[in-house]
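Report on the structure given below.
The values are calculated or read from the model by the stated rules, or taken from the named source; none is laboratory data. The shown structure was predicted, so the numbers you read here are calculated from the model rather than taken from an experiment. Virtual Cβ from ideal backbone geometry, glycine too; neighbours counted across all protein chains shown. What goes into the accessible areas is simple: the full protein's heavy atoms, side chains included, and nothing from ligands, DNA or RNA. Shrake-Rupley method; radii C 1.70, N 1.55, O 1.52, S 1.80 Å.
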Amino acid sequence: MKAVILAGGKGTRLAPYTLVFPKPLMPIADMPILEILLRQMKRSGIDEVILTVGYLSDLLKSYFGDGSRFNIKLTYSYEQTPLGTAGPLSLIKDLDETFFVANGDVLTTLDFSHMLAWHKEKSAIATIATHQRNVKIDFGVIQKDGDHQITGYTEKPSLDYLVSMGIYIFEPKVLTYIPAAQYLDFPDLVLKLIEAGNNVISYPFLGYWQDLGRLDDYNQAASDFNAMRSQFLPEEI
């Protein structure tokens, strides 16, 4: 089975580290975050991965090579100009069967084979891994009407959101909704699929998930990996 891993972004929120190497190479303990993801995919039966690369791509290719030391076939798709999160899929050939797409900076205990079974059971054209997130607001939040009369005041509320984990399963038909070599992000692609009447499904995941979007997220992920390593890479036991 194939997977596409998005590894072409600049990771500006993790500067200055990402000024000199790409975010998927950020170390988590003794290996890059992307290596953890590749090992997890291999364990779940994914044997071929295409990395979409752009920014500092030579460093990624130098470290990961052809994937043979991870027992996985690894190839590269190069973006000459940024194409968003979904646009790079238009450059990849031979995605003619069900395939995964994942961000290259995700740390999770998600079992890819379980997600695939859910996708098949629901007969979906697209499945998005989702996670419940609680966001705490550090300020008193004011509500007002059109005349600026205060109608409510909530002290430091907490808001619950269902968020995308940056892991997807797509059927090949999805590619027909992605224009060739044009900028397109996943939210816009998903809305296209829904508007066309396609079956787009959420895969609710209750386990561990963290992306490396900000420095405090990265530090938390590194700490959690050290404490829970056997849950991320049980094959090491």
Taking segment 76-119 as the search range and keeping residues that are over 18 Å from the mean Cα position of the chain (by Cα) and of a type in the set (S, T, N, Q), which one is least open to solvent (accessible area, probe 1.4 Å)? THR81
Single residue of segment 49-75 satisfying the filter (crowded, with 16+ Cβ neighbours inside 10 Å, at pLDDT 90 or above and touching a Ser or Thr at 6+ places or on another chain (Cβ under 9 Å)) that is farthest from GLU235 (Cα to Cα): THR52
Any residue at all in segment 144-154 that is among the aromatic types (Phe, Trp, Tyr), surrounded by 10 or more Cβ atoms within 10 Å (Cβ to Cβ) and either assigned to a loop (DSSP other than H, G, I, E, B) or in contact (Cβ under 8 Å) with a residue 24 or more places away in the chain (or both)? no
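Matching residues to (1) within 18 Å of ASN103 (Cα to Cα); (2) exposed (fewer than 14 other Cβ atoms within 10 Å of the Cβ):
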| site | (1), (2) |
| --- | --- |
| GLY197 | no, yes |
| VAL200 | no, no |
| TYR203 | yes, no |
| TYR208 | yes, no |
| ASP211 | yes, no |
| ASP216 | no, yes |
| ASP224 | no, no |
| MET228 | no, yes |
| PHE232 | yes, no |
For LEU162: the one exception among (1) within 16 Å of the chain's Cα centre (by Cα); (2) open to solvent by less than 60 Å² (accessible area, probe 1.4 Å); (3) over 15 Å from ALA124 (Cβ atoms): (2)
Some residue of segment 55-76 being touching a residue at least 60 places away in the same chain (Cβ under 8 Å), more than 15 Å from MET41 (Cα to Cα) and not hydroxyl-bearing (Ser, Thr, Tyr): no
Per-region count, segment 166-189, residues open to solvent by less than 20 Å² (accessible area, probe 1.4 Å) and either at pLDDT below 95 or of a type outside the set (Phe, Trp, Tyr) (or both): 7
